[in-house]
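So the structure is just underneath, and the comments pick up after that.
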Amino acid sequence: MRIGIAGIQTTELVAKSIKETLSDAGFESFYFKNNSKVTLADLIIVLGGDRGVRNYLHSAIDVDTPVLGISESESNGVLAQIELKELPSYLNRIKKQDYVIEDVPRIGVTVDGKSTYPVLNDVSVFTSKSATLMEYILRVNGEEVWHDSSDGVIISTPTGSSAYSLSAGGPVIFQASNVFGIISVNSLDITRRPIIVSDNSIIEIDEISSRLHCDVVLDGIDRFKINNKLEATKFAPPARIIRMKSDSTAISALANKVKLAEEL
């Protein structure tokens with residue numbers, strides 16, 4: 001088995017340490033920053049926790065190669081399950097391919113007719129300045145669902161449902177659910193509630209207007225100015241994430257957050 005070590009979130013010193021650990025266990029490995037080498041690997045190790053995995057997949061040319069996300073500190077991640085110090089204890093299972101590869105859905109995003117990279121957690125629209133209202137129309141499969149005035153709107157995958165979406169009042173969605181969540185943030189309509197739609201839906205945030213310009217936010221990382229319309233659909237192919245543990249779901253992520261809150 002050949003293992004690639006992605007260089008986006010990995011320092012060369014850490015990569016060298018991982019290569020030595022893999023070599024001692026009988027693996028062939030290589031460190032890369034150029035995505036053209038991804039096809040040479042049977043498995044990709046990505047450091048940096050959930051954020052590192054998202055960053056890697058945003059720019060990955062080939063997502064058929066499964067990704068093992070690793071955190072350099074204590075991990076409660078959904079995409080990156082194991083800690084760097086735990087890696088040696090999992091190498092025998094990796095050699096035997098004793099793990100589950102989960103297809104993780106992604107959202108394809110079009111902003112004013114131009115495609116961006118697909119997101120794993122969520123795509124949202126907000127004004128460029130916080131606490132400023134925006135107005136928009138939500139359509140699903142061409143049908144108007146609501147005309148809203150709010151601080152913003154979030155479209156979330158099951159993976160992202162335990163992240164920003166949750167803090168905005170969205171539901172926790174089981175990982176295997178073939179749905180997306182749509183959450184209005186601080187709507188002026190007090191009856192407005194999050195909705196769940198099939199992930200085969202065409203979701204449009206249209207006729208966007210505000211006193212200030214509005215931005216599209218991709219996975220909480222990159223912002224792009226939007227003038228009028230966002231379209232979101234299921235993106236193919238899905239990301240392929242290696243699961244070494246059985247408890248890395250949105251539900252367990254929620255349980256971890258509740259536990260952390262109780263300890264504060």
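The values are calculated or read from the model by the stated rules, or taken from the named source; none is laboratory data. Because the structure is predicted, anything quoted here is derived from the model rather than measured. We place every Cβ from the backbone using ideal geometry, glycine too, and count neighbours over all the protein chains shown.
Against the conditions (1) part of a helix (DSSP H, G or I); (2) under 15 Å from Arg240 (Cα atoms); (3) not hydroxyl-bearing (Ser, Thr, Tyr), where does Arg51 fall short? Just the number, please.
(2)
Considering every residue within segment 95-117, establish whether at least one is of a type outside the set (Phe, Trp, Tyr), touching a Gly at 6+ places or on another chain (Cβ under 8 Å) and within 19 Å of Arg192 (Cβ to Cβ).
no
Only one of (1) under 25 Å from Asn55 (Cα atoms); (2) at pLDDT below 95 fails for Ile203. Which number is that?
Of (1) under 25 Å from Asn55 (Cα atoms); (2) at pLDDT below 95, only one is false for Ile203: (2).
For the structure I just gave you, tell me whether Ala236 is part of a loop (DSSP other than H, G, I, E, B) and modelled with pLDDT under 95.
no
Condition first: outside the structural domain of Gly49 (by TED's automatic domain parsing) and modelled with pLDDT under 95. Can you find one or more residues in segment 138-150 that meet it?
No: zero hits.
In segment 81-135, how many are among the polar types (S, T, N, Q) and surrounded by fewer than 18 Cβ atoms within 10 Å (Cβ to Cβ)?
Residues that pass the stated criteria total 9.
Among the residues of segment 182-195, write down those that are outside any loop (DSSP other than H, G, I, E, B) and surrounded by fewer than 16 Cβ atoms within 10 Å (Cβ to Cβ).
none
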